[in-house]
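The values are calculated or read from the model by the stated rules, or taken from the named source; none is laboratory data. These numbers come from a predicted model, not from an experiment. Glycine gets a Cβ as well: all are built from the backbone with ideal geometry, and neighbour counts include every protein chain shown. Heads up: the accessible areas ignore ligands, DNA and RNA and are worked out on the full protein's heavy atoms, side chains in. Shrake-Rupley method; radii C 1.70, N 1.55, O 1.52, S 1.80 Å.
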Amino acid sequence: MDARWQRLADQMAARDFTERAATVAAALAVGQSFAPSLLPRNKTQQAVLTGVSASLVYSIARTAQSLIGTVAERLKPGRDGQSFNDRRKLAATANGIAVLTGLAVQRTMQQRRGEPVKRAVLRTAGWQLSATGALGLTITGLNAGVDAVTDRYGRVPRGLVPAGFLVGSAAAAAEIVWYRRQQPGTTPVARSLAEGLGVMAGVSTLAVAERAGAHAVSSWVRRNAPGFAGLAEPIGHLATLGPVALLVWGGLEGVYRRNEHGGAAVESAYSAPPTSRAASGGPASSISWETLGREGRRFVNMTMAAKEITAVTGQRAKEPVRVFIGLDSAATVDARVSTAMDELEALGAFDRSLLCLASPTGTGYVNYVVAETLEYLTEGDCAIVAMQYSLRPSFLSLDRVHLGREQNRVLLHAINGRLRATPAHARPRLVALGESLGAFTLQDAFLHEGTAGLHRAGIERALFIGTPAESGWAEQWRMDPERADPDDEVVQVASYEEWLELPEEARKAARYLLLSHHDDPITKYTPVLAVQAPEWMSSGPERSPAMPEGVPWRPFSTFMLTTVDVLNASQVVPGRFEARGHDYRADLARFTQIAFDLPGDDALLARVEVALRRREALWAERRVVAEQFAQARESIQRQLKSWSAVDGASGGAA
C-alpha cells in the first residue's frame, strides 16, 4: 500500500505547474460565474455559463503559464533534467517576474476615458500575466508548505495533497455563497455546479482532442517537411481548428439563411393585403405586398382605421399613413428610396401634420406601441415611413448597419428636399424614431455631426429607444456633450420618474430623447467589455443602479455574464407591458408624447394605454388562432391526400 501511495504521489508531484495553476484559475472562474448581473438567469443558462467560463479561463491561464514556463526555461535551460525542488524554485522565480511585469504594464497603461481598444487589450494582458503569475506563486508556495508538513509528520507522501485545487475550490465556494446572499431565490448551487462542471468536462475533452490532433499533425510536418519544422505547431493547430472554423462558419450561414427565410415568411394572421388606402401594399399602393417581408406585412396590416382612433380619443380622425419598403421592394438603396418617396406622395403623407421616419430593428420591426400612440395623439393626422435593411434579428444584423445608415441618409436627404420645396405653413413636422439596432443605424447617419446633423436633416424631434452601446453618435455625445450638443438638446433617461427629476429648463430644451433602462444589456453590451471596465460598473456615480453593489468588473467574465443578459433582454408577454431590460412598452405612450411634443392630457393617455394593451393582446390572439387553423388545415389536407392514395391503390387492385 505504501509503495502504491508513493507512486501516486510521485506522479502528482511530476505534474507541470502550468496545469496546476490553470486548474485553480478554472475553480475560481466557477465562483465568478455566479456573480449577479443586469438580469436574472435560468438554471440551464447558469450551468452553461459556469462550464464555458471555467473552460475559457482554464485555456487562458494555461496559455499564460506556458509563456511563464518559457521564461523559466530561458533562466535555466534543461528543466526536465532538474529535480522537483529546483523546478519549483525556477517556477517561483519566473512567476515572480510575471507578476512584476504585469503590474508594470497595468501601471503604465492605466485606464483613461475614451482610450483606444489596443491600450485596454495591453492592460488586460498585463492583468492576466500578473494574475496568472500570482496563481503560480501561490501554487509553488502551497506545494512547498504542504510538502514540508508531510515530510515532518510522514503520514501522507509528498505531493499527494492537491492544496492548490482545494484552496481554489474553497475560494470559489465562498464567492458563490456570498453572491447567493446578494440574490436569494436564484439557481440552486448544487445543480448548477454539477451541470456546469459537466459542460466544462465536455469543452475540456474537445480541447484535449484538439491538442492531440495538432500534435499529430505537427509531428508529421517535422518528419516529412523539415523545412517547415519551425512552423509545425501553428500548422498543426490550423489543421485541427480549420474544420471547426468551417463548421462554425457553415452554422452561422445556416442561421442567417434560416432567419432571413423566417423574416420573409408569410404569417397566417397577415396572409392578405391591408384594406386601408393609406397603407403600403393596400389598394392605393404601388408596392407589391409580397415584397414587404414578415415585419412589413405586420406593420401595414396593423394600421388603425379612423373609427378605431375616434373610439379612444372621442375626436374625428383621419386614416393614418403607413409606408413600408421591404428589402425586396427594390434592388438598390437609391431604388428603394425612390420607391419610398413615390409611395409617400401617392398615399398623401406630405399632406399630414406630422411625418415620422422610423428606423426599424434588424428584422424590420417598427414598434407598434409608438406607432399607435402617435396615431392616437395626432388623431390619425400623421404618416410613418420605414425602410428595411435586414431580415435577421438585430444581433445577427450588425453587418447590415452600414446599409441601414446609408438608406437613412439618402431617404432623409430626399424628404428634406421635398419639405423645403413645400410652403412653411403646409409643411409637416419631421420627427424620427429608432429602436435598438434601428436607433444605431439612424444615429450613425449623423456620425461626427452631433445634433448639427439632425438639424441639417430637418429632424425637429427624435425618440431613440434602447440605443446599443456600439452607437458611435451616442458615444461621441457622452464623451464630449458640449461639442456634440452645444444647446443641451439631447437627454438620456431610464424612466418617467427620472424625466420629472430633471430641471425644468432641461426638459424644455430637450428635443432628442434617449430612453435607456438601467438594466437593459443592449445599451451596455460591447466586445470591449472583455478587456475594459465600463463606467456602468465603476465605483462612482456612473455605476448603473441595476448592478448590485460589491460586484466588480472582471476581464472576460463580465463580458460572458452580459452576453447571457442580452439573451434575456426581450422576454415579453402580450398585453402585459413592463419596463424591464429591453422591453420598453410600459414607457412608450408617455415618452412618445414627450419626445414628439404631442397634445393629450392624463385622461387621454390612460385611455390610450388601455387601448394599446387591448390591441396587442388581440393581435397576439389572432396570430395564435390563425397559426393553429393553418396547421389544422394542413393536417386535414395531408390526411385527405393519404386517403386518396389508398383509394387509388385499391381501385388499381380491383
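Evaluate the distance, in nm, between pseudo-label points positioned 7 Å from the Cα of SER539 and of ARG420 along their respective Cα→Cβ axes.
5.4
Express the accessible area of region 297-357 per residue in Å², computed with a 1.4 Å probe while the remaining protein chains stay in the model. Before the final figure, lay out the partial values.
Values: 2310 Å² over 61 residues.
Here the residues of region 297-357 average 38 Å² of exposed surface.
Kindly write out, for region 277-282 in residue order, the coupling ³J(HN,Hα) from the Karplus curve 6.51 cos²θ - 1.76 cosθ + 1.60 (θ = phi - 60°), rounded to whole Hz, with x marking Gly and Pro.
7, 10, 10, 4, x, x
Leaving out ligands, DNA and RNA, and with a 1.4 Å probe, what % of the accessible surface on region 294-372 is carbon or sulfur? Before the final figure, lay out the partial values.
On the way: 1150 of 2570 Å².
Solvent-exposed carbon and sulfur of region 294-372 make up 45 percent of the total.
Taking amide H positions as placed in the peptide plane 1.01 Å from N, state which residues far from THR363 in sequence (5 or more) or on other chains have amide H under 5 Å from it.
SER394
In nm, what is the difference between 0.36 nm times the number of residues separating SER338 and ARG222 and their Cα-Cα distance?
Working: separation 116, 0.36 × 116 = 41.76 nm, distance 6.21 nm.
Gain on stretching SER338 to ARG222: 35.6 nm.
LYS118: which lysines have alpha carbons under 21 Å from its alpha carbon, excluding same-chain residues fewer than 8 sequence positions away?
Straight-distance partners of LYS118: LYS524.
Please list, in chain and number order, the residues 5+ apart from GLU435 or on another chain whose amide H is under 5 Å from its amide H, with Hs placed from the backbone.
The list, which skips near neighbours in sequence, is SER359, ILE465.
Taking the Cβ-Cβ separation of ASP601 and GLN45 as r and a Förster radius of 41 Å, what is the calculated FRET efficiency to the nearest 0.05?
Working: r = 44 Å, r/R0 = 1.07.
According to the calculation, E is roughly 0.40.
How high is the FRET efficiency between ALA212 and THR108 when r is their beta carbon distance and R₀ equals 45 Å, given to the nearest 0.05? Walk me through the numbers on the way to the answer.
Details: r = 39 Å, r/R0 = 0.87.
Efficiency computed from Cβ-Cβ geometry: 0.70.
Per residue, how big is the convex hull of region 488-627 when only Cα atoms are used? Give it in Å³. Could you put the intermediate results ahead of the total?
Numbers: hull volume 20.3 nm³, N = 140.
Considering the Cα atoms of region 488-627, their hull volume per residue is 145 Å³.
Short version: ³J(HN,Hα) in whole Hz for each residue of region 357-374, in order, from phi by Karplus 6.51 cos²θ - 1.76 cosθ + 1.60 (θ = phi - 60°), x for Gly and Pro, what are they?
Along region 357-374, the couplings run 8, 10, 8, x, 6, x, 6, x, 5, 10, 4, 6, 5, 5, 4, 5, 4, 4 Hz.
What is the gain in length, in nm to one decimal, between SER288 and ARG119 on full extension, counting 0.36 nm per residue of separation less the C-alpha to C-alpha distance? Numbers along the way, then the final one.
Working: separation 169, 0.36 × 169 = 60.84 nm, distance 5.13 nm.
Stretched fully, the SER288-ARG119 segment lengthens by 55.7 nm.
Under a plain spin-label model, where a point goes 7 Å from the Cα along Cα-to-Cβ, how far apart in nm are ALA170 and ALA506?
Modelled inter-label distance: 4.9 nm.
Per-residue HN-Hα couplings for region 410-421, Karplus 6.51 cos²θ - 1.76 cosθ + 1.60 at θ = phi - 60°, whole Hz, x for Gly and Pro?
5, 5, 5, 4, 5, 5, 4, x, 5, 5, 5, 7
For a Förster distance of 56 Å, can you work out the FRET efficiency between the beta-carbons of ASP399 and ALA311, rounded to the nearest 0.05? Display every interim value, and only then the final one.
Working: r = 44 Å, r/R0 = 0.78.
It comes to 0.80.
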